[in-house]
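The values are calculated or read from the model by the stated rules, or taken from the named source; none is laboratory data. Because the structure is predicted, anything quoted here is derived from the model rather than measured. So basically every Cβ, Gly included, is an ideal-geometry build from the backbone, and we count neighbours across all protein chains shown.
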Amino acid sequence: MRLAHIKLAGFKSFVDPTVVPVSQDLVGIVGPNGCGKSNIIDAVRWVLGESKASALRGDSMQDVIFSGSDNRKAVGRASVEIVFDNHLNKITGQWSSYAEIAIKRVIQRDGNSSYYINNLPVRRRDIADLFLGTGVGGRGYAIIEQGMISRIIEAKPQELRNFLEEAAGISQYRERRHETSTR
Ligand code: ATP
Ligand code: MG
């Protein structure tokens, strides 16, 4: 499954609607300090349901909304949409037949977040369910953050098993079994 593009508006330094195309041969994003490279990664993390402000380098979740600059006023909402190419039908279930899967999250100043899949309102956990077993998502390995390599190297056997189960695509079954047995 391939990430095709990332759309941001009002998110951190990306106040104006911006589309970041993710071509198949993209190797890296370069630019001067503070130009917004890490903000793009934060956007991907955030749209996938990140709920810890500290993981996005902020104090509260509203910190992701553009807070103004010397010549621009702050805005009232932030939105990020990421679009995946699903031609290989890696996504199973309800959305499997869609050629493109667009995941969107919007936050208002009051702190409320709403989530959408292909423009239909969904719950946060629907986004997590969609990606279980694909390696994408909160507990996936699609984003390797600073310190993660050493976390894997130093992982206890159970933690290492979690990484392997996600990579093998079986964590979704464990998750569902856990849900069934705790209901
Ligand atoms: P480096 O090369 O130093 O890692 P970078 O390109 O990764 O830099 P980012 O951390 O993505 O830079 O961007 C930091 C910039 O984003 C700062 O200028 C900061 O003021 C701005 N920024 C972050 N959050 C907001 C916000 N809520 N509103 C406005 N600007 C913001
Ligand atoms: Mg950075």
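Can you tell me how many residues within the stretch 1-25 are modelled with pLDDT of 95 or more and either within 13 Å of ligand 2 (Cβ to nearest atom) or basic (Lys, Arg) (or both)?
Qualifying residue count for the region: 3.
I need the full set of residues from the stretch 49-68 which are buried (at least 17 other Cβ atoms within 10 Å of the Cβ), more than 16 Å from ligand 2 (Cβ to nearest atom) and part of a helix (DSSP H, G or I), in order please.
Correct list: 61 only.
Counting only residues that are surrounded by fewer than 17 Cβ atoms within 10 Å (Cβ to Cβ) and assigned to a strand (DSSP E or B), which one in the stretch 5-48 is nearest to ligand 1 (Cβ to nearest atom)?
In this case the residue turns out to be 18.
Need the failing condition index for residue 80 against (1) under 17 Å from residue 7 (Cα atoms); (2) assigned to a helix (DSSP H, G or I), just the number.
That leaves (2) as the condition not met.
Hey, among 28, 93, 76, which residue is within 16 Å of ligand 2 (Cβ to nearest atom) and either at pLDDT below 95 or at negative phi (or both)? Outline the logic, then answer.
Working: 93 fails: within 16 Å of ligand 2 (Cβ to nearest atom); 76 fails: within 16 Å of ligand 2 (Cβ to nearest atom).
Result of the check over 28, 93, 76: 28.
Please verify whether the stretch 34-46 includes one or more residues that are among the β-branched types (Val, Ile, Thr), within 15 Å of ligand 2 (Cβ to nearest atom) and either in contact with a Leu (Cβ under 6 Å, 6 or more places away or on another chain) or in contact (Cβ under 8 Å) with a residue 60 or more places away in the chain (or both).
Scanning the stretch 34-46 turns up at least one residue that is among the β-branched types (Val, Ile, Thr), within 15 Å of ligand 2 (Cβ to nearest atom) and either in contact with a Leu (Cβ under 6 Å, 6 or more places away or on another chain) or in contact (Cβ under 8 Å) with a residue 60 or more places away in the chain (or both).
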